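To start, the structure under review is shown below, and the notes come after it.
The values are calculated or read from the model by the stated rules, or taken from the named source; none is laboratory data. In this text, all values refer to a predicted model and were calculated from it rather than measured experimentally. With ideal geometry, Cβ positions are generated from the backbone for all residues, glycine too; neighbour counts draw on all protein chains shown. SASA here: full protein model, heavy atoms, side chains in, ligands and nucleic acids out. Shrake-Rupley method; radii C 1.70, N 1.55, O 1.52, S 1.80 Å.
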Amino acid sequence: NAGVTQTPKFRVLKTGQSMTLLCAQDMNHEYMYWYRQDPGMGLRLIHYSVGEGTTAKGEVPDGYNVSRLKKQNFLLGLESAAPSQTSVYFCASRLAGGNTDTQYFGPGTRLTVL
Amino acid sequence: SQQGEEDPQALSIQEGENATMNCSYKTSINNLQWYRQNSGRGLVHLILIRSNEREKHSGRLRVTLDTSKKSSSLLITASRAADTASYFCATRGNTGANSKLTFGKGITLSVRP
């Protein structure tokens, strides 16, 4: 049981390049989330999904797109990377239902945009 | 905007001492959770307390919740060097079944051997 995994672990992009971050979970969780973590800012929600084929915007969605084509995968895309998107990105998942609120986090992807 | 605000921002204690961290929030909540993050790693869930609960224990952790003051505290007793990490409170609101967690900015705890 690998839990939540993220690919890649590190990436350096040039301004204007695109990339996709992959999150995978093997816990059969319905809900999945993408956060970014910046120094002094805590975690901020980018996008989330409550099930296969559905996505919704979080607190800071601009410049990002997501897709949830399979229940176990949640992809975060940057179409045209900007230096302001330099951050550590975390994926998380959880079961649906009001009594199962715990989120399980991946190890993070450290992205630098030059 | 951040819902939870932790206090203090940084805490340094000696091994064996107790560590108390506080979290305040602004709007009504369904539950409040505490997470730990070791350097360079993802967050790990520690404990969850619901709005109708006042205190919960888990091992060396004790969490209290005061909904009238919109605040929570996390107490780590008999701290160890391995407790060195950042600690985040996260709140889940009451609106909608898909309510999201809102995280605070975190508290950096250093436990000196």
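What the table shows:
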| item | result |
| --- | --- |
| Accessible surface, the protein assembly as shown, averaged per residue in Å² (probe 1.4 Å) | 47 Å² |
| Probe 1.4 Å, all protein chains present, accessible-area order of A:9, B:105, largest first | A:9, B:105 |
| Accessible-area order (highest first, 1.4 angstrom probe) of the listed residues B:83, A:26 | A:26, B:83 |
| Whole-number percent relative contact order across chain A, with pairs defined as alpha carbons under 8 Å at least 6 apart | 35 percent |
| Normalised contact order of the range A:35-90, rounded percent, pairs of Cα under 8 Å and 6 or more residues apart | 32 percent |
| Label zone at residue A:112 (point 7 Å along Cα-to-Cβ), backbone N below 13 Å, the range A:76-91 | A:86-88 |
| Total accessible area lost when A and B pair, probe 1.4 Å, Å² to nearest 100 | 1700 Å² |
| Loop-resident sites, the range B:1-100, for trypsin sites (Lys or Arg not before Pro), counting at most 12 other Cβ within 10 Å (DSSP) | B:54, B:69, B:80 |
| Residue B:95 versus residue A:79: modelled label distance in nm, points set 7 Å from Cα along the beta carbon direction | 2.8 nm |
| Of A:57/B:69; A:71/B:56; B:56/B:100; B:70/B:100; A:14/B:105, pairs whose Cα-Cα distance is over 25 Å | A:57/B:69; A:71/B:56; A:14/B:105 |
| Efficiency of FRET from Cβ geometry, residue A:50 and residue A:14, R₀ 35 Å, rounded to 0.05 | 0.55 |
| At 1.002 mPa s and 20 °C, Stokes diffusion of the range B:5-112 via Kirkwood alpha-carbon radius, µm² per second | 154 µm²/s |
| Zone residues, the range A:71-114, relative to residue A:22, backbone N less than 11 Å from point 7 Å out along Cα-to-Cβ | A:73-75 |
